[in-house]
Amino acid sequence: MIVRLLALVIAVASGLGAAQAQGVDRTLPAQLSAPTRATLERLIDSARVAGLPIDPLYSKVREGVFRSADEPRVVVAVQRLARDLGDARAALGDSAAAEEVTAGANALRAGLHRADLSRLRDARGNKSDHPLTVALVVIADLATRGVPPAMAAASVNELVTRNVSDGSLMSFRQSVERDLVGGRSPASALDARTRAMIEDERRRP
Amino acid sequence: MSEPDSPRWLDEITDELRREVSVRPAWRARLLDDVARAPKPSSRDDVDERFGDEEELAQHPARRRRSITLGPFTGLAAAALFVTLGAGVTYMTMSSRARVHERERRGTTARAQAVSRTPTPAEREVVRFELSAPRASRVALVGSFNDWNPGTTLLSRDPASGKWVVSVRLPPGRHVYAFVVDGDVTADPDAPRAADDDFGSTNSVVFVSSPRT
């Protein structure tokens, strides 16, 4: 009995910890039908077993419900995201953080290839403590705004190789975006801003 | 039965303590029968068998087995002690977390006025969301951080700039979001776009720096 009580106390204490650490609600919305919920649970379970981040999958389900998407569409979206997460994990390596994998999946969705992600990982080299999340977000954003994905990946690769900070990468994105809004061609904007950023980094002590 | 101010988990423990253990009559009878037939143990023989001869035991008295017999009341007291210890540890853990939470709250409020996205170890970061929508009457923020619930995070109009604003504490990482302007979902025009449009419209992305970056 004492053991059971202690187990209960420990379970209560550890449950509190888990609830605080967890950001995303890992339950499926009640609005979904039982068959859809079962399908989604299987999908998410498979992703969990494969070591993929599952919070984005739950979030995708909730986004679908929020946008009043029909259930098959929600299932397809989750399937697609799970596949992209798997591809991103394979390209970025097993040591990639969940955030990197998620950003990598988004970059794949924007038109990058797995090889682009692997090149970016290699460009980071031995600076493995520096996450690639921002670099991947910037590439995906540029691609979404009309910059050819391969071109965006090459430019950001160049900057990552030179150890440009995340803050500078975000400034780079904003500069390119301003140029695009101003009517400059993607190739020209990207080329000019990449050169300017490299020059800035070179001048830095 | 529960105390008026006691937390739920404490009630569960109390209920568990008070619950009577029910055993099938046949099992009880068999158990009592087995106990009655079992030979009476000789604690001294057991000690000698397990720990060596008397001479060795004389040299190392600590090796002697000590048996403790608890009566029903003593057992209950021991159980209560364990529960109190467990509850104490849990309370201290929760208090510590509450203090951290309060420190975070104070710290992020101050930082929100200065720099909004400065990384700080193990703390959530205040991110200020802004949207210019002069003719809107209601603007909400939805995203992966609030389970896409449009009723959770409402923006208010900033009298100085006329923009709709809200500050939200977010953990480090990549967060996808959108605004709901009078019922219409729209991406943030000033933020990077998320590439996925599974449900027919694009979201925005905000990146909160981690301490490593």
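Under the definition of Cα pairs under 8 Å and six or more residues apart, what whole-number percent is the relative contact order of chain A?
So the answer I get is 13 percent.
Please report, to one decimal in angstroms, the Kirkwood hydrodynamic radius of chain A built from all distinct Cα-Cα pairs.
About 19.2 Å for chain A.
So how do B:175, A:130 rank on accessible area, 1.4 Å probe, biggest first, that is with the largest at the start?
Largest accessible area first, the residues go A:130, B:175.
Against the longest principal axis of chain A, how steep is helix A:186-203, in degrees 0 to 90 to the nearest 10, with axes from Cα atoms?
Once rounded, the angle reads 90 degrees.
At residue A:45 and residue B:190, where each label point lies 7 Å from the Cα along Cα→Cβ, what is the point-to-point distance in nanometres?
About 4.6 nm, to one decimal.
Would you pull out the residues with amide H under 5 Å of residue B:149's amide H, same chain only if 5 or more places away, H placed 1.01 Å from N?
B:143
Relative to the longest principal axis of the C-alpha atoms of chain A, give the angle of the C-alpha long axis of helix A:149-161, reported between 0 and 90° and rounded to the nearest 10°.
Once rounded, the angle reads 90 degrees.
Give me the accessible area buried between chains B and A, both sides summed, with a 1.4 Å probe, in Å² rounded to the nearest 100.
4000 Å²
Give me the accessible area of residue A:129, 1.4 Å probe, in Å² rounded to the nearest 10.
100 Å²
Using DSSP loop states and a limit of at most 16 other Cβ atoms within 10 Å to flag trypsin sites (Lys or Arg not before Pro), what is the longest stretch of chain A containing no flagged site?
My reading of the result: A:27-126 is the longest stretch.
Could you tell me how many degrees, from 0 to 90 and to the nearest 10, lie between the Cα long axis of helix A:55-66 and the main elongation axis, the longest principal axis, of the Cα atoms of chain A?
Taking Cα atoms only, the helix is inclined about 90 degrees.
The values are calculated or read from the model by the stated rules, or taken from the named source; none is laboratory data. Please read all numbers here as calculations on a predicted model, not as lab measurements. Here Cβ is always computed from backbone atoms with ideal geometry, including for glycine, and neighbour counts include all displayed protein chains. Heavy atoms of the whole protein, side chains included, go into the accessibility calculation; ligands, DNA and RNA do not. Shrake-Rupley method; radii C 1.70, N 1.55, O 1.52, S 1.80 Å.
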